[in-house]
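**Q** Supplied in structure tokens, the structure appears directly below.
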Amino acid sequence: MEALLVSTALVALAEMGDKTQLLSFVLAAKLKRKLPIAAGILFATLANHFLAGWVGAWLATLVSPQTLKWIVAASFFAFAVWALKPDTLEGEREYSSRSAFLTTLVAFFLVEMGDKTQLATVALAARYDALVAVVLGTTLGMMIANVPAVWLGETLAHRVDMKLMRWIAAALFVLLGVLALLT
């Protein structure tokens with residue numbers, strides 16, 4: 001249960017102001033099909049984070065527990081610094097109006113590659129021996145951050161203090177890094 005709760009909270013906060021949340025705003029504005037967009041986010045995140053979690057669990061089998069502890073802690077400290085940097089979407093993108101679900105699925109899967117939440121999923125799966133709980137937690141965190149962005153759009157963006165959310169996410173990453181070293 002700890003893996004699920006930690007993964008959910010960490011990703012939900014880390015996603016505030018992240019490029020995937022910005023992509024949610026853009027897709028909602030351009031495609032105007034909220035339910036297919038939300039479904040695309042869900043399936044893309046499940047696929048992406050299952051892959052990342054599997055890699056994390058596999059990496060955990062390659063190194064000693066002591067080495068893994070230091071790698072995971074260092075990763076969380078790096079994610080804390082990364083969380084403080086606001087994301088932007090580069091350039092204007094064109095999205096197909098034929099299929100909001102498919103467009104969202106592909107866009108989210110690709111944008112999430114190498115993103116801090118995908119890499120955090122790798123670290124969380126390496127830290128906890130609970131692949132399903134981590135993937136469900138990180139996916140739930142993505143949905144908590146991105147589905148309101150689809151439904152409420154720009155109104156939500158102006159009411160949430162993104163700088164505060166980035167600092168809270170950074171503090172959680174630091175806390176997880178310290179906990180990784182202590183356990």
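The values are calculated or read from the model by the stated rules, or taken from the named source; none is laboratory data. This one's a predicted model, so the numbers in the text were calculated from it and none came from an experiment. In this analysis, Cβ positions are derived from the backbone assuming ideal geometry, glycine residues included, and neighbour counts consider all displayed protein chains.
**Q** Residues being without any contact (Cβ under 8 Å) to a residue 40 or more places away in the chain and polar (S, T, N, Q): count how many of those fall in region 28-85.
**A** Counting residues in region 28-85 that are without any contact (Cβ under 8 Å) to a residue 40 or more places away in the chain and polar (S, T, N, Q) gives 4.
**Q** Let me ask something additional. Quick one: count up the residues across region 80-114 that are at pLDDT 80 or above, in a loop (DSSP other than H, G, I, E, B) and surrounded by 15 or more Cβ atoms within 10 Å (Cβ to Cβ). Can you show your working first?
**A** Here is the first cut: in region 80-114, the ones at pLDDT 80 or above are 81, 99-113.
Those still in the list that are in a loop (DSSP other than H, G, I, E, B) too: 99, 113.
Filter once more, keeping what is surrounded by 15 or more Cβ atoms within 10 Å (Cβ to Cβ): 99.
Count: 1.
**Q** Hey, another quick one. Would you confirm whether any residue within region 59-79 is under 21 Å from Gly137 (Cβ atoms), polar (S, T, N, Q) and at pLDDT below 80?
**A** For region 59-79, residues under 21 Å from Gly137 (Cβ atoms), polar (S, T, N, Q) and at pLDDT below 80: present.
**Q** Condition first: at pLDDT below 85 and in contact with a Phe, Trp or Tyr (Cβ under 7 Å, 6 or more places away or on another chain). Now tell me which residues in region 139-161 satisfy that.
**A** Across region 139-161, the qualifying residues are Gly153, Glu154, Ala157.
**Q** Right, something else. Pick from region 28-42 the residues that are of a type in the set (A, V, I, L, M, F, W, C) and surrounded by fewer than 16 Cβ atoms within 10 Å (Cβ to Cβ): which of them is modelled with the lowest pLDDT? Let's see the steps before the verdict.
**A** Taking region 28-42 first, the residues of a type in the set (A, V, I, L, M, F, W, C) are 28-29, 31, 35, 37-39, 41-42.
From what is left, the residues that are surrounded by fewer than 16 Cβ atoms within 10 Å (Cβ to Cβ) are 29, 35, 39.
Details: Ala29: 78, Leu35: 93, Ala39: 95.
Going through the qualifying residues, I end up with Ala29.
**Q** Going by the conditions given, is Leu22 within 9 Å of the chain's Cα centre (by Cα) and either crowded, with 22+ Cβ neighbours inside 10 Å or not in a loop (DSSP other than H, G, I, E, B) (or both)? First the steps, then the outcome.
**A** Values: within 9 Å of the chain's Cα centre (by Cα): no; either crowded, with 22+ Cβ neighbours inside 10 Å or not in a loop (DSSP other than H, G, I, E, B) (or both): yes.
Answer is no for this residue.
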